[in-house]
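Report on the following structure.
A short reminder: the numbers here are calculations on the coordinates, not readings from a lab. Predicted, not measured: the structure shown is a model, and the values here were computed from it. Here the Cβ positions follow ideal geometry from the backbone for every residue, glycine too, while neighbour counts run over all protein chains shown.
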Amino acid sequence: MSPTTSHITDLLDIVIAEGGSDLHITAGQRPIIRMTGSLIPLTQQPVLSSSDTETMLKSILPESRWETFEKNQSVDFSYAHKDQGRFRINGYVVQGAVAIALRLIPREIRTFADLSLPPVLDVFTQHAQGFFLVVGPVGQGKSTTLAAIIDRINKTRTDHIVTIEDPIEYLFEQGKSLIHQREVYVDAPNFHSALQAAFREDVNVIMVGEMRDPETVASAVTAAETGHLVLSTLHTNNAAQTIDRIIDMFPASQQKQVGMQLAGSLAGIFSQRLVPRIAGGLIPAYELLLNNSAVANLIREGRTSEIPTIIQTSSQDGMIDMDRTLAELVRRGEVTVEHAYEHAFDPKTFERYL
C-alpha cells in the first residue's frame with residue numbers, strides 16, 4: 001500500500017478500534033501504537049522508508065505549514081479524522097528522516113465523573129476570576145481535564161470564553177456561553193499576542209493551552225488580576241514546583257513582584273498522573289492546591305518548599321494530597337501497590353497512608 005492519506009486513515013482507524021491513545025510513524029520501522037501506556041508495533045503493517053514517512057506527513061499537513069516544518073524541522077497541528085475525533089500531531093526530524101507522533105483527541109468531551117476526577121473541580125468552574133493551572137508531565141491527561149472544565153463552564157454560564165491553543169484540540173459546541181477557539185500560527189502569531197488581544201474582546205474566561213514564556217505568564221497573571229478566569233497548563237510535577245517554575249521564568253529583579261501577583265491571583269493548582277488500572281485502562285491520581293491565606297503567604301515569602309506540608313494537613317479545606325490519593329486507589333483495589341509507588345511524590349508518606 002502506498003503511504004497516502006488513505007493509509008494514514010487506515011492507521012488512525014486501527015488506533016481507535018484498538019483503544020489506543022497514540023500512533024508513531026518512523027522511518028525504518030513499522031507503525032507503532034500506544035495502548036494503556038505500552039508501545040505495540042503493528043506487525044501486519046510494512047516497514048516504512050524515509051520517503052514513505054515524508055509522503056505521509058505531506059498528505060495531512062496543510063500545504064502552508066510545510067515551509068515552517070522545513071525551516072524548524074518540527075511542526076504541531078491537528079487533523080480531523082472522519083467524525084470519530086481529532087489527532088494532535090507533531091511532525092519532526094530524526095537523523096534526517098521525517099517522524100510523526102499522533103495523539104488521539106476523542107470527539108466527546110467527558111465529564112469529571114467520566115474521567116474519575118474529584119467533584120471539587122466544579123468549584124473552579126464557578127470562579128469569576130483567578131488563575132487555575134492543570135499540571136503534570138507530558139501525556140498525563142492535562143488537556144482532557146482542562147477540556148472538561150471548559151465544557152462545564154460552557155454549559156452552565158452565560159460568558160464569553162476564548163481558548164488559545166497550539167493546535168486546537170477538543171472542539172467545543174456552543175452552549176450557554178459564547179466560545180471562540182483561536183489557533184496559534186493560524187489565527188494569531190503567538191500565545192502572548194492572542195492573550196493581549198483577549199483584553200479587547202469582552203472576554204470572561206480565557207484558556208491558554210500552555211505557558212511557554214514569561215510574556216505569556218505575565219499577561220495571564222494580569223488577566224486573572226483584572227477580573228478574568230484564566231485556565232492553563234504547565235509541564236511540572238506538583239504545585240510547589242509549578243509556582244517555582246513560574247517565578248523562575250522571570251529575571252531576578254522581577255521575581256518578587258511576580259510572586260506577589262501570583263499570591264494574589266492564584267485560584268488553585270491541580271496536578272495529575274494517569275496510573276494503570278487493575279481492571280484495564282488508566283485512572284487519575286491527583287494533588288490539589290487551593291490558594292488560601294497560608295499558601296499566599298508562603299508564595300510571597302518564597303517558602304514554596306513548605307507547600308506540600310500545607311496540602312497534606314489541609315484536607316478539611318478541600319486540598320488533596322497525591323500520596324493519599326494513591327493510597328486510596330490501592331485500598332479500593334483500583335491500582336497495584338507497585339504502580340502507585342511509582343507515581344508517589346514521597347514514597348515514605350505514601351507508605352504511611354497505606
| task | Return, for the Cα atoms of region 277-323, the radius of gyration and Dmax in Å, separated by a comma. | result | 13.7, 45
| note | For Asp22, the residues 5 or more places away or on another chain with a placed amide H closer than 5 Å to its own amide H are Arg34, Leu104
| request: Provide the net charge surrounding Ala147, with neighbours chosen by a C-beta distance below 9 Å and charges set as Lys +1, Arg +1, Asp -1, Glu -1. | output: -1
| Non-local amide H neighbours of Phe250 (under 5 Å, H modeled in plane, Pro and chain starts lacking H): which ones? | none
| query | What angle, in degrees between 0 and 90 and rounded to the nearest 10, separates the Cα long axis of helix 5-17 from the longest principal axis of the Cα atoms of the chain? | reply | 50
| Given the chain, what percent of its DSSP beta bridges are antiparallel, to the nearest 5? | 60
| query | Hey, which lysines would be in cross-link range of Lys71, C-alpha to C-alpha under 24 Å, not counting anything within fewer than 8 residues on its own chain? | reply | Lys58
| message | Report the rotationally averaged projected area of region 256-354 based on its alpha-carbon convex hull, in square nanometres. | response | 6.6
| Applying the Karplus parametrisation 6.51 cos²θ - 1.76 cosθ + 1.60 with θ = phi - 60° to the phi angles of region 90-97, what ³J(HN,Hα) value in whole Hz is obtained for each residue in order, glycine and proline being reported as x? | 10, x, 8, 10, 10, 6, x, 10
| query | Under a 5 Å amide H to amide H cut-off, with H placed in plane at 1.01 Å, what residues pair with Ile164 once short-range neighbours are removed? | reply | Arg182, Met207, Val208, Gly209
| task | Kindly rank 287-293, 330-336 from highest to lowest mean number of other beta carbons found within 10 Å of each residue. | result | 287-293, 330-336
| note | By the Cα gyration tensor axes a ≥ b ≥ c (a/c under 1.5 gives rounded; else a/b larger than b/c gives prolate, otherwise oblate), the shape of region 5-106 is oblate
| task | Evaluate the charge dipole of region 54-156 about its Cα centre and quote only its size in Debye, nearest 20, assuming +1 on the Cβ of each Lys and Arg and -1 on the Cβ of each Asp and Glu. | result | 120
| In deg cm²/dmol, rounded to 500, what helix-only [θ] at 222 nm does the chain give when every DSSP H run of at least 4 residues adds -39500 (n - 2.57) and the total is split over its residues? | -11000 deg cm²/dmol
| task | Could you go through region 182-188 in sequence order and give the Karplus-derived ³J(HN,Hα) for each residue, using 6.51 cos²θ - 1.76 cosθ + 1.60 with θ = phi - 60°, rounded to whole Hz, and x for Gly and Pro? | result | 10, 9, 5, 6, 10, 9, 7
| query | What percent do you get for the relative contact order of the chain when only Cα pairs under 8 Å and 6+ apart count? | reply | 12
| task | Calculate one ³J(HN,Hα) per residue across region 105-115 by plugging θ = phi - 60° into the Karplus curve 6.51 cos²θ - 1.76 cosθ + 1.60, and present them in order as whole Hz with x for glycine and proline. | result | 10, x, 5, 7, 8, 7, 7, 4, 5, 4, 8
| field | Listed residue (Val203, Gln272, Pro347) projecting farthest to the positive dipole end of the chain, Cβ model | value | Pro347
| query | How many angstrom separate the Cα center of region 175-191 from the Cα center of region 286-354? | reply | 34
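Excluding Ala27 itself, calculate the net charge of residues whose Cβ lies under 10 Å from the Cβ of Ala27, where each Lys or Arg counts +1 and each Asp or Glu counts -1. Let's see the in-between values first.
Details: positive: none; negative: Asp52, Glu54.
In short, -2.
Using the Kirkwood radius over C-alpha pairs as Rh, can you work out the diffusion coefficient of the chain via Stokes-Einstein at 25 °C, viscosity 0.890 mPa s, in µm² per second?
114
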